[in-house]
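K.L.:
Before we start, here is the structure in question, set down as structure tokens.
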Amino acid sequence: MKPGFHFNLWRTLRMAFGFLILCSGCHTPDNNLPVVGFADAFEDNTISQARQGFFDALKKDGFSEEAHTLKVIYRNAQGDIPKLTLSVKYFISEKVTLIGTCPSLSTITAIQNTKDIPVFMMVSPTPALMKVNGKQNGAPENLFGVAESLGYIDTSFSLIPKLIKPADHTLRVGMIYNQSEPQSAEALKRIQDLSAALKIELVSLPVNSTGEVQLVTQALLSKKIDAFFANPDNTVFSSFETILKACNNARVPVFTSEAGLVARGAVAAYGADIYQWGFQAGEQASQFLKNKSTKGINWEMVKLRKRVYNAVAAKEFGLSVPNNFEAVH
């Protein structure tokens, strides 16, 4: 036996053993594994419920990272539009199976950047309100998921004069709106018409970013409004605590059309359950993953809406909410 044989043999065995250990932690990529790219436009406790509902619906049908039946690429743009655009383009470069979008800013960005990958929206208005029409003024062919119209605003806004009745002046309701968001501008127009019909004096001011919200809210409060209406607006969602704090300090109750904002301090609302909104969109996405086809799938309207009120806020302002409203806090 040659000198050094045992040493060389041991070294070879040790290297082979190390290679086996290294590879034992490796998994051969499964090219058949569906990949979901999910884009949140900003961080928000209410909006995040939709994402949870979306992935719970997928999990119910056997699609989850825990079960190794799904890969998820998640991005939150933190309110940065260029970052949101980069996130969507990254999904496209990764050839994801589908894109989940929440809320409307994400949906619009996805539709603007891909016509091929199915987009499943949630917490978004109808395609017409988002102005993302496709062929022959219909919805884009790759747009699916769940949307909402502005019709439910009437019920929420009409509650205000039933609960607040100034004795010596016309009821004054304030609201802010982001003029760069199509659905926010449409909501403003609807509320203006509704205010005229209800003989309410509407005081509305525009904002362009979340950084302006505090200043604009204070400007509204200086106009002696009796109530604040938080309309369906991404800027309102992401700045709600700022609005609520200012209004509470001024003893002005906040009403809204978004059920999720009631748990965060608004008095009452009639609107979609955000978790169920995402779950409904997730059921559509699950159907697509199971059938590997979008045949028979179309975007649809929210199915579950509810009347809710915040018991703490109602008590604080001495308001008696109708019996058909459910307490959420």
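K.L.:
Can you tell me the order of 119-126, 33-40 when each peptide is scored by its average per-residue count of other Cβ atoms within 10 angstrom, highest first? Display every interim value, and only then the final one.
P.N.:
On the way: 119-126: 28.2, 33-40: 21.0.
Packing order, densest peptide first, comes out as 119-126, 33-40.
K.L.:
Find how many whole Å separate the alpha carbon centroid of the range 193-223 from the alpha carbon centroid of the range 113-149.
P.N.:
Here the two parts' Cα centres lie 29 Å apart.
K.L.:
Loop only by DSSP, 15 or fewer other Cβ within 10 Å of the Cβ. Give me the trypsin sites (Lys or Arg not before Pro) in the range 85-134 that pass, ordered by residue number.
P.N.:
On the way: sites: K89, K95, K115, K131; in loops: K95, K115, K131.
Answer by residue number: K95, K115, K131.
K.L.:
Let me ask another. So, counting K/R as plus one and D/E as minus one, what does the shell of residues with Cβ under 12 Å around V207 add up to?
P.N.:
Result for the neighbourhood of V207: -3.
K.L.:
Count the net charge of all other residues whose Cβ sits under 14 Å from the Cβ of L105, scoring Lys and Arg as +1 and Asp and Glu as -1.
P.N.:
Here the count lands on -3.
K.L.:
Starting from the Cα of K292, step 7 Å along the direction of its Cβ; do the same at Q52; then give the gap between the two resulting points in nm.
P.N.:
In this crude spin-label approximation the distance works out to 3.4 nm.
K.L.:
Using 0.36 nm per residue, how much length does the chain from K224 to T69 gain when fully extended, once their Cα-Cα distance is taken away? Don't skip to the answer; put the middle values down first.
P.N.:
Values: separation 155, 0.36 × 155 = 55.80 nm, distance 5.61 nm.
Gain on extension, K224 to T69, equals 50.2 nm.
K.L.:
Where Lys and Arg each count +1 and Asp and Glu each count -1, what net charge lies around L171 among other residues with Cβ under 15 Å from its Cβ? Present the calculation step by step, with values, prior to reporting the outcome.
P.N.:
Working: positive: K162, K165, R172, K199, K223, K224; negative: D168, E201, D226.
With Lys, Arg at +1 and Asp, Glu at -1, the neighbours total +3.
K.L.:
Still on this model: Which pairs break 19 Å Cα to Cα here: K89/K115; K95/K115; K60/K306?
P.N.:
K60/K306
K.L.:
Take the chain, connect every pair of alpha-carbon atoms lying under 10 Å apart with a spring to form a Gaussian network, then pick out the residue of E148, E316, E241 with the largest mean-square fluctuation.
P.N.:
E316
K.L.:
Still on this model: By average Cβ neighbour count within 10 Å, what is the ranking of 286-296, 224-234 from highest down?
P.N.:
For the peptides 286-296, 224-234, the packing ranking is 224-234, 286-296.
K.L.:
Also: Putting +1 on Lys and Arg Cβ atoms and -1 on Asp and Glu Cβ atoms, find which of S239, W299, S257 reaches farthest to the positive end of the dipole of the range 200-329.
P.N.:
W299
K.L.:
A further question follows. Please compute the per residue accessible area over the chain with all protein chains in place, 1.4 Å probe, rounded to a whole number of Å². Show your work: numbers first, answer last.
P.N.:
On the way: 16430 Å² over 329 residues.
That works out to 50 Å² per residue.
K.L.:
Here's something else I'd like to know. Helix-only estimate, please: 222 nm mean residue ellipticity of the chain, summing -39500 (n - 2.57) across DSSP H runs of length 4 or more and dividing by its residues, to the nearest 500.
P.N.:
-13000 deg cm²/dmol, from helical runs alone.
The values are calculated or read from the model by the stated rules, or taken from the named source; none is laboratory data. Predicted model only: the values in this text are computed from it and were never measured. Glycine gets a Cβ as well: all are built from the backbone with ideal geometry, and neighbour counts include every protein chain shown. With ligands, DNA and RNA removed, areas are computed over all heavy atoms of the protein, side chains included. Shrake-Rupley method; radii C 1.70, N 1.55, O 1.52, S 1.80 Å.
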